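Everything below concerns the one structure shown next.
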Amino acid sequence: FLVMLQIIGTNQSKDYQKAVRFCKERRINFQEVNTKLYKLSKKELDSIFSSLDSPFLVIDTHSQYYKKNGYEWREYSPREEVEEHQELLINPILRSGNKCCLGFSDDFIKENS
């Protein structure tokens, strides 16, 4: 069973584009998961959350959606909010098997491809 690197996010993100370009230039097999087009399943989210120290790490506190909807002033469950509003996810999330990395990391890509 081959574990493939996933690049999760939206192609409007510079770091998402950088991760895709990095993989293409090195002929690394990867799968793009555009969260504008596809919602992550509960199982995919479980896998991401279980690999992190804190569920809040997955929230992009600099995103327009986060600011516009006043998340900095309210109490919320990151897991529940992300299930409903995937615009809150940090871009990109690199995932391989049960390991995951938030943001662009060439080291993570090299180690997991």
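The values are calculated or read from the model by the stated rules, or taken from the named source; none is laboratory data. The structure displayed is predicted, hence computed values, not measured ones. Here the Cβ positions follow ideal geometry from the backbone for every residue, glycine too, while neighbour counts run over all protein chains shown. With ligands, DNA and RNA removed, areas are computed over all heavy atoms of the protein, side chains included. Shrake-Rupley method; radii C 1.70, N 1.55, O 1.52, S 1.80 Å.
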With no solvent and one point on each alpha carbon, what is the Debye value of log10 I(q)/I(0) for the chain at q = 0.12 Å⁻¹? -0.40
Give me the net charge of Gln64's neighbourhood, meaning all other residues with Cβ under 14 Å from the Cβ of Gln64; Lys, Arg count +1, Asp, Glu -1. 0
When the Karplus curve 6.51 cos²θ - 1.76 cosθ + 1.60 is applied with θ = phi - 60°, which whole-Hz ³J(HN,Hα) does each residue of segment 78-84 get, with x for Gly and Pro? x, 5, 5, 5, 5, 4, 7
Could you pull out every one of the lysines with an alpha carbon less than 22 Å from that of Lys24, ignoring same-chain neighbours closer than 8 positions? Lys14, Lys36, Lys99, Lys110
Scoring the chain by relative contact order with C-alpha pairs under 8 Å, at least six apart, yields a percentage of 38
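Exposed loop sites here are trypsin sites (Lys or Arg not before Pro) in DSSP loop states with at most 15 other C-beta atoms within 10 Å. What is the longest stretch of the chain lacking them? Show your work: numbers first, answer last.
On the way: sites that count: Arg26, Arg27, Lys36, Lys39, Arg74.
Here the longest segment lacking exposed loop sites spans 75-113.
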What angle do you read, to the nearest 10 degrees and between 0 and 90, between the alpha-carbon axis of helix 14-25 and the longest principal axis of the chain? 10
Find the accessible area per residue for the chain; the probe is 1.4 Å, ligands and nucleic acids are left out, and the unit is Å². 64
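Using a 1.4 angstrom probe on the protein heavy atoms only, could you order Thr35, Thr61 from most to least accessible area? Kindly include the intermediate steps, with their values, before the conclusion.
Details: Thr35 25, Thr61 65 Å².
The most accessible residue leads, giving Thr61, Thr35.
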